[in-house]
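Encoded as C-alpha cells, the structure appears first; notes follow it.
The values are calculated or read from the model by the stated rules, or taken from the named source; none is laboratory data. All values derive from a computational prediction rather than experimental measurement. Every residue, glycine as well, gets a Cβ built from its backbone with ideal geometry; the counts of neighbours run over all protein chains shown.
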Amino acid sequence: MRKFASFLRRDVDYLSRLETLNNGKSVEDSKGDIFFSADCLDYYAGWVDKMVGETIPGAHDQLIYTLHEPIGVCGQIIPWNYPILMMAWKLGPALACGNVIILKPAEQTPLTALYCASLFKEAGFPPGVLNIIPGDGPECGNAIAVHEDIDKIAFTGSVEVGKKIQEAATKSNLKRVSLELGGKSPLIICEDADLDYAVRVAHQAIFSNAAQKCTAGSRTFVHSKIYDKFVARSVELAKNRVVGDPFDASTEQGPQINASQFEKILNYIESGKSDGAKLECGGERVGNKGYFIKPVVFSNVKDDMKIAREEIFGPVMSVLKFDSYEEAIKRANNTSFGLAASVITKD
C-alpha cells in the first residue's frame, strides 16, 4: 500500500492532468486530491499491524480469544465528483483488512481509476486483489449490488440510488452495506465571527470543486446583525472568482460535470428566483460552450424554498438570516440530510 501511495506521488503531474480531463476540476484541485489520496493510503497501511484481537483469561483449560478476519469480496461504487480521492478512501480500509475489491468508477469519470490499476499492479499486488469494472450504473452497479458472491458494498452517490442498492443487497445475500449519500449541510455564522474569515470559509465551503460535493456548505445561516455586510462581501468575492479552463493554474472553478447536471443547476436557480429569493449575483453561463456557471449568491432565502431544501450540487450559495442561536440550530437540523455541519464563532 505504501508503494502504491508513493507511485501516486511520483506520477502526480500526469495524474492531476488526467483527473482534470476526467472530471473538469481545476488542475490544482486535482493535484491536491492526489496527494490527499496518497496520504489516505499511507494512513491505512499504518493500521495493518495494529488491528488485533484480544486474548481473554478463562477458567481452567479454556482458550478465549477474538480474531479479526477479512469480510471477503468488497464491491465499491465510486462517484464522479472526487474520482481518485473517493477511490482511495474506499480502497485503503478494505485493503488494510485483507479484502479483495471489485471497483466500479462512475461512468463519467473512469480514467484515473484505470490508470491507478496499472500502478496497483506495479506496486506488487497479486492479480485479482483489485478489479476495475467501468460501466453504466443501472447495469454494472446493479450487478455488483445483487451478486451473491460479493460480501460487502460501499457506495457514494444519491439518496435515490443508495436506497436501490440497500434494497438489492437485502434481497440478494444480505451483504453488508456502507452508504454515503446526499447532503444539505448548514454553516452557522455567529454575530461575533470575524467577518472576512467567515466570508472566505463560506465561499470555500460551497464553491470549491464547483460545489459538486455532498458536504458542500449549501445553507449559510448568518446572524441578522451581520447579515447585510456578509452578503455584500460574499457577492464581491463571488464576482471575482475565476471560472474557466481547468488546466489554467489561475482558474478557481471549472465546468459542471455534464449537460444534465448543468441544466439541473440552472433550473434550481430559476426556482430560487421564482420562490422569492434575491439573486445577488451570478447564474449566467460562462462562454459559448461547455458547462460553466458563474457562482450564485442568493439572499432572503427561506427554509421552505427548494434551493434551501434540496441538494443542488452546483455553485449556488443560499444565505439565510437568523436572530437567535436556538433558532439557527433548530432550522439547521430541519433536514433529512446529514453528513456535515459547521459553526463560526469566537466563543
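The table below gives the values:
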| quantity | calculated |
| --- | --- |
| Residue list for segment 1-55, restricted to those being among the charged types (D, E, K, R) and closer than 24 Å to residue 96 by Cα | 2, 3, 9, 10, 11, 33, 39, 42, 49, 50, 54 |
| Residue 183, sole failed condition from (1) touching a residue at least 60 places away in the same chain (Cβ under 8 Å); (2) over 23 Å from the mean Cα position of the chain (by Cα) | (2) |
| Residue identified as outside any loop (DSSP other than H, G, I, E, B) and closer than 30 Å to residue 334 by Cα among 139, 167 | 167 |
| Options 131, 81, 99: the member that is of a type in the set (S, T, N, Q) and under 24 Å from residue 212 (Cα atoms) | 81 |
| Residue check for residue 299: assigned by TED's automatic domain parsing to the domain that holds residue 235, polar (S, T, N, Q) and surrounded by fewer than 16 Cβ atoms within 10 Å (Cβ to Cβ) | no |
| Single match in 114, 103, 119 (criterion: on the phi < 0 side of the Ramachandran plot, of a type outside the set (D, E, K, R), crowded, with 18+ Cβ neighbours inside 10 Å and assigned to a helix (DSSP H, G or I)) | 119 |
| Residue under evaluation residue 11, criteria (1) under 30 Å from residue 210 (Cα atoms); (2) in contact with a strand residue (DSSP E or B) (Cβ under 9 Å, 6 or more places away or on another chain), criterion not met | (2) |
| Test result for residue 205, part of a helix (DSSP H, G or I) and of a type in the set (A, V, I, L, M, F, W, C) | yes |
| Lone unmet requirement of (1) surrounded by 17 or more Cβ atoms within 10 Å (Cβ to Cβ); (2) out of contact with any Leu (no Cβ under 6 Å at 6 or more places or on another chain); (3) farther than 20 Å from residue 173 by Cα for residue 152 | (3) |
| Test: residue in segment 156-168 that is of a type in the set (A, V, I, L, M, F, W, C) and closer than 30 Å to residue 50 by Cβ | no |
| Output for segment 56-91, where each listed residue is within 15 Å of residue 151 (Cα to Cα) and in a loop (DSSP other than H, G, I, E, B) | 69, 70, 71, 72 |
| Any hit, segment 164-175, residues being surrounded by fewer than 22 Cβ atoms within 10 Å (Cβ to Cβ), in the same structural domain as residue 104 (by TED's automatic domain parsing), β-branched (Val, Ile, Thr) and over 26 Å from residue 246 (Cβ atoms) | yes |
